[in-house]
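Colleague: Supplied in structure tokens, the structure appears directly below.
The values are calculated or read from the model by the stated rules, or taken from the named source; none is laboratory data. This structure is a prediction, so every number in the text was calculated from the model and none was measured. Positions of Cβ are generated from backbone atoms using ideal geometry, with glycine treated the same way; all protein chains shown enter the neighbour counts. Accessible surface areas use protein heavy atoms only, side chains included; no ligands, DNA or RNA. Shrake-Rupley method; radii C 1.70, N 1.55, O 1.52, S 1.80 Å.
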Amino acid sequence: MLALVAGEGDLPGLVFKALEAEGTAFQLCEMEGHPSAARGDRPVIRFRIETLGSFIAALVSKGVDRICFVGRVARPPLDPSKIDPATMPLVPRMMAALQQGDDAALRTLLSFFQEAGIESVGAHELRPDLLPAPGVLTKAQPEEQHHKDADRGAQIIAAMAQADVGQSCIVARGQALAIEAQPGTDWMMQSLMVQNTGLNSDLVASALGYGGALQRSAQLPPGGVLVKAAKPGQELRIDMPTIGPDTLRRAAQVKLDGVVIEAGRVMVLDAPHCIKIADQQGLFLWVRG
């Protein structure tokens, strides 16, 4: 039997629908504090990180032999007072992994299930159609500078992997305008925006808090690309990068030329809608092999 640990965003709903359409039974699970909007009236098992051992035992008792994590879940704080006896033996490994960054923490999490006989599968294995084939999916096409910026972006993401930081960056004319950190891709794109105050210095205006409509900072080079890719060695079963319609809308708002994703290692939610938005806004969407 398959267990689905659902988080936030659109991905859980897409996986639910696919499994139900093909008649695959699954047990829905949620971490407390991170409900899935797509849950509907499906029965759900809730757990805390402090009761992970008991949660794993409950899944085993139900005959669960596969588990898939779908949707966003922020790293929860650990409350020592709520750790139950079944979880206590796992705590030393948990704490050691948390000191090493997100990738180490996620690999350790999966190892707990593996040791209980529960195999971890990625959302992309349940919905392989979310991985589009390589190529440019839109009417707009990347130009020579965009190819150079995509190369530069891939180099930046590989360097970011050394510090386990993020999965995307924005590059324009060879310059890194922003890199993704814990707040995520949307926050990174919004960081290019400042308030339109009529002052000569966007940075001064922003620092002083003057009002005005948001616009892209005039101090940045125009255009550019959002590059999103998995970090080298990233655990894709639980942390595969994802884009969707909101990504394309934000890219248009911050006046990028296009979005570049790594083929086979970045999921696209609702690709037809993404392509439609890109075509309407004159953006390219390039699945880079």
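Colleague: How many residues does segment 142-186 hold that are open to solvent by 20 Å² or more (accessible area, probe 1.4 Å), under 19 Å from Ile243 (Cα atoms) and in a strand (DSSP E or B)?
Modeller: The total comes to 1.
Colleague: Based on this model, can you work out whether Glu262 counts as farther than 19 Å from Gln145 by Cβ and either surrounded by fewer than 19 Cβ atoms within 10 Å (Cβ to Cβ) or modelled with pLDDT under 95 (or both)? Give the steps one after another, and end with the answer.
Modeller: Working: farther than 19 Å from Gln145 by Cβ: yes; either surrounded by fewer than 19 Cβ atoms within 10 Å (Cβ to Cβ) or modelled with pLDDT under 95 (or both): no.
Taking the combined requirement at face value, the residue does not satisfy it.
Colleague: Hey, among the residues in segment 80-126 that are open to solvent by 80 Å² or more (accessible area, probe 1.4 Å), within 23 Å of Leu11 (Cβ to Cβ) and part of a helix (DSSP H, G or I), which one's modelled with the lowest pLDDT?
Modeller: Top of the filtered list is Arg107.
Colleague: In this structure, is Gln190 under 19 Å from the mean Cα position of the chain (by Cα), under 30 Å from Thr87 (Cβ atoms) and open to solvent by 60 Å² or more (accessible area, probe 1.4 Å)?
Modeller: Values: under 19 Å from the mean Cα position of the chain (by Cα): yes; under 30 Å from Thr87 (Cβ atoms): no; open to solvent by 60 Å² or more (accessible area, probe 1.4 Å): yes.
In short, no.
Colleague: If Cys29 satisfies all but one of (1) modelled with pLDDT under 95; (2) within 21 Å of His124 (Cβ to Cβ), what's the number of the condition it fails?
Modeller: Of everything listed in (1) modelled with pLDDT under 95; (2) within 21 Å of His124 (Cβ to Cβ), Cys29 misses just condition (1).
Colleague: Quick one: in segment 1-31, which of the residues that are in a helix (DSSP H, G or I) and aliphatic (A, V, I, L, M) is nearest to the chain's Cα centre (by Cα)? So that I can check it myself, show each step before the final result.
Modeller: Residues of segment 1-31 that are in a helix (DSSP H, G or I), as a first pass: 11-21.
Remaining after also requiring aliphatic (A, V, I, L, M): 11, 14-15, 18-19, 21.
On the way: Leu11: 10, Leu14: 15, Val15: 15, Ala18: 20, Leu19: 21, Ala21: 25 Å.
Once the filter is applied, the top-ranked residue is Leu11.
Colleague: How many residues are part of a helix (DSSP H, G or I) and either at pLDDT below 95 or open to solvent by 10 Å² or more (accessible area, probe 1.4 Å) (or both) if we restrict to segment 226-259?
Modeller: Of the residues in segment 226-259, the ones part of a helix (DSSP H, G or I) are 236-239, 245-253.
Of the ones still in play, those that are also either at pLDDT below 95 or open to solvent by 10 Å² or more (accessible area, probe 1.4 Å) (or both) are 236-239, 245-247, 249-250, 252-253.
Total meeting the criteria: 11.
Colleague: Residues that are basic (Lys, Arg) and either in contact (Cβ under 8 Å) with a residue 40 or more places away in the chain or open to solvent by less than 10 Å² (accessible area, probe 1.4 Å) (or both): does segment 8-26 have at least one?
Modeller: no
Colleague: Being surrounded by 19 or more Cβ atoms within 10 Å (Cβ to Cβ) and of a type in the set (A, V, I, L, M) is the filter here, so list the residues in segment 29-39 that pass it. First the steps, then the outcome.
Modeller: Residues of segment 29-39 surrounded by 19 or more Cβ atoms within 10 Å (Cβ to Cβ): 29-31, 36, 38.
Of everything in segment 29-39, those that are surrounded by 19 or more Cβ atoms within 10 Å (Cβ to Cβ) and of a type in the set (A, V, I, L, M) turn out to be Met31, Ala38.
Colleague: If we keep just the residues of segment 40-79 that are free of Cβ contacts under 8 Å to residues at least 24 places away in the same chain and more than 24 Å from Leu14 (Cβ to Cβ), which is least open to solvent (accessible area, probe 1.4 Å)?
Modeller: Ala58
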